[in-house]
């Protein structure tokens, strides 16, 4: 199995058709990431990274960048959309690479980058923008994507949800109940 499922639900829209995601308009995750990073820089201004804080933050940054880049490569390799606002236009359900450990490796990677920045700058308050980013993605962006993917891929996506956690580690009780 190559890790890409090309199944479609009976009620799925055709590629190119607009699918209105629940939850209203959302800001692009890359814009949220940039805003959170800028907020961290403002909060921690004057705090310089030290060799020790860089040594502590670099592994987190490296793992986060790997998750983000390898997930993008999996999506591009399967010729499906990487645009989170067009999840309903996905042509493949990507379940290989980092997607076998988390359903949202790009968001885990982005959140990890923000946490690495907090560690490197050595300013605890700069974790707040990272937490706000995580909360916005978890409560607004991901549910809309999950709805679109479930509409698009049906049972295949529900099975994937049951197997793989939304973030990392064990599946949350909330995710398990909604499956």
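Table for the structure above
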{"read-out": "Euclidean distance of C-alpha centroids, the range 87-114 and the range 44-76, integer Å", "value": "17"}
{"read-out": "Rel. contact order, % - alpha carbon contacts under 8 angstrom, at least six apart, the range 40-100", "value": "26"}
{"read-out": "Extension gain (nm, one decimal) between residue 158 and residue 50, 0.36 nm per residue minus Cα-Cα", "value": "34.4 nm"}
{"read-out": "Relative contact order for the range 30-179, counting Cα pairs under 8 Å that sit 6 or more residues apart, in percent", "value": "32"}
{"read-out": "Nearest-0.05 FRET efficiency for residue 41 and residue 73, computed from C-beta distance (R0 45 Å)", "value": "0.95"}
{"read-out": "Mean shadow area of the range 50-179, taken as a quarter of the surface of its Cα convex hull (nm²)", "value": "7.9"}
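Laboratory data are not the source of any read-out in this text; all were calculated from the coordinates shown. All of these numbers come straight from a predicted model, not from anything done at the bench. All Cβ positions, even for glycine, are placed from backbone atoms using ideal geometry, and neighbour counts span all protein chains on display.
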